[in-house]
Amino acid sequence: MIAIIIPALNEEEAIESVIEGFPASYRNHSMETYVIDGGSTDGTQELAESAGAKVIKQRRGGGKGNGVSQALEEIDADIYVMIDGDSTYDPKEIDRLVDPIIEGEAEHVIGRRSDREKGAIPRINLVGNYVFNLITRLMTGKDIRDMLSGYRAFTRESLEHTHFTRPGFGIETEMTFTALENHVPIKEVEISYGNRKGNSKLHPMRDGWRIINTIIWSIRDMNPLKFFSTISLLLLVLAAYPSYLTIQQKLSEGIIQHPGTAIAAGVLAILAVQLFVFGMLADQIKNVEKRLRNRR
Ligand SMILES: Nc1nc2c(ncn2[C@@H]2O[C@H](COP(=O)(O)OP(=O)(O)OP(=O)(O)O)[C@@H](O)[C@H]2O)c(=O)[nH]1
Ligand SMILES: [Mg+2]
């Protein structure tokens, strides 16, 4: 069974067209559409039901992330497809996401929004997206171009060992990173993206900050050594200049005239070494965790 999961909060202008856009079955798989409703006060719930979806009421806190994780716990399916309820993604492109799974090419497929209608993603979000994807590529070495995309498909098996904790718009980041961390075969496919109907629930600053947080903690959990040694390296670079000044003074004048500079250099260097050692320790803890998990 393929379960379509649509998180929705006050999407009465768009919800029907999203639900009705999906076929009743796909390549011998039956399909069921679920709307996880975050407490809509407009006609979203009634319209979703009359369009043929099952409506699940979000019990757990607010935010898209809480809604999606509740839905994943309550719905049992072989393949899950997640799509926004604002009519920005095209249900007809479901084949692009699900085919790689059915054909055994991937277990987590992200729709890369490459064919975009003008203005569909505001400029500030485009800049944010670019930076977030760049950091992710640098830190994971994987060719991820649209990790924040809300249109994706994944298998039930790929969710093993996952437990989503991000309440709001960090959920996509968390999904991408947990898939990478658990070595789930991941693939991006090109999809189209249009202007939304109704009002946005995304606050670029607040949600951008949450996404940065999710990225930072995901990288720490996934690769603690890389995380801590990157910070350690930055501190060493910062320590280089005061160290240079101190050595130069000592060589040219025989005494250190500005002890403050020397202390700053020393503190930064010690911090750098400590963080590196801390990273090694965290890496070992991570290895123990992995071994325990594999034994289970
Ligand atoms: N269940 C649930 N769904 C939510 C909640 N907040 C937002 N959503 C839904 O999550 C989906 C994505 O939210 P959007 O507001 O479209 O966010 P976005 O796609 O990043 O931004 P724009 O489309 O550019 O406005 C939409 O279908 C929303 O209705 C919530 O608290 N609970
Ligand atoms: Mg949207």
Of 40, 87, the only residue that is within 13 Å of ligand 1 (Cβ to nearest atom), buried (at least 16 other Cβ atoms within 10 Å of the Cβ) and under 20 Å from residue 148 (Cα atoms) is 87
- prompt: In this structure, does residue 20 turn out to be within 16 Å of ligand 2 (Cβ to nearest atom), more than 21 Å from residue 148 (Cβ to Cβ) and modelled with pLDDT of 95 or more?
  reply: no
Cβ pairs under 6 Å, 6+ apart or interchain, first in the stretch 38-55 and of a type in the set (Asp, Glu), second modelled with pLDDT of 95 or more and not in a loop (DSSP other than H, G, I, E, B), ordered by first then second residue, are 49/55
When restricted to 15, 5, 83, the only residue in contact with a Gly (Cβ under 8 Å, 6 or more places away or on another chain) and under 16 Å from residue 171 (Cβ atoms) is 83
(1) away from ligand 1 (no atom under 16 Å from the Cβ); (2) at pLDDT 95 or above; (3) buried (at least 16 other Cβ atoms within 10 Å of the Cβ) all hold for residue 192 apart from (1)
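Every residue, every condition in (1) among the β-branched types (Val, Ile, Thr); (2) in contact with a Phe, Trp or Tyr (Cβ under 8 Å, 6 or more places away or on another chain); (3) more than 16 Å from ligand 2 (Cβ to nearest atom); (4) within 28 Å of residue 27 (Cβ to Cβ), yes or no:
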site: 62; (1), (2), (3), (4): no, no, yes, no
site: 66; (1), (2), (3), (4): no, no, yes, no
site: 82; (1), (2), (3), (4): no, yes, no, yes
site: 103; (1), (2), (3), (4): no, no, yes, yes
site: 116; (1), (2), (3), (4): no, yes, no, yes
site: 127; (1), (2), (3), (4): yes, no, yes, no
site: 147; (1), (2), (3), (4): no, yes, no, yes
How many residues of the stretch 80-112 are of a type outside the set (Asp, Glu) and over 19 Å from the mean Cα position of the chain (by Cα)? The answer is 10
- Task: Report whether or not residue 119 is surrounded by 14 or more Cβ atoms within 10 Å (Cβ to Cβ) and either outside any loop (DSSP other than H, G, I, E, B) or within 16 Å of ligand 1 (Cβ to nearest atom) (or both).
- Result: no
Taking the stretch 275-286 and keeping residues within 19 Å of residue 162 (Cα to Cα) and within 23 Å of the chain's Cα centre (by Cα) leaves 286
Within the stretch 149-172, restricting to residues that are crowded, with 23+ Cβ neighbours inside 10 Å and basic (Lys, Arg), the one that is nearest to ligand 2 (Cβ to nearest atom) is 152
In the stretch 177-213, anything assigned to a helix (DSSP H, G or I) and under 30 Å from residue 102 (Cβ atoms) is listed as 177, 178, 179, 180, 181
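Matching residues to (1) touching a His at 6+ places or on another chain (Cβ under 6 Å); (2) modelled with pLDDT under 90; (3) in the same structural domain as residue 209 (by TED's automatic domain parsing); (4) under 24 Å from residue 86 (Cα atoms):
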| site | (1), (2), (3), (4) |
| --- | --- |
| 126 | no, no, yes, yes |
| 137 | no, no, yes, no |
| 151 | no, no, yes, yes |
| 160 | no, yes, yes, no |
| 169 | no, no, yes, yes |
| 181 | no, yes, yes, no |
| 186 | yes, no, yes, no |
| 197 | no, no, yes, yes |
Note on residue 129: of the conditions (1) within 14 Å of ligand 1 (Cβ to nearest atom); (2) under 27 Å from residue 227 (Cα atoms); (3) touching a strand residue (DSSP E or B) at 6+ places or on another chain (Cβ under 7 Å), unmet is (3)
Taking the stretch 55-71 and keeping residues of a type in the set (D, E, K, R) and in contact with a strand residue (DSSP E or B) (Cβ under 7 Å, 6 or more places away or on another chain) leaves 57, 64
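The values are calculated or read from the model by the stated rules, or taken from the named source; none is laboratory data. Nothing here was measured: the structure is a model prediction, and the numbers come from that model. Every residue, glycine as well, gets a Cβ built from its backbone with ideal geometry; the counts of neighbours run over all protein chains shown.
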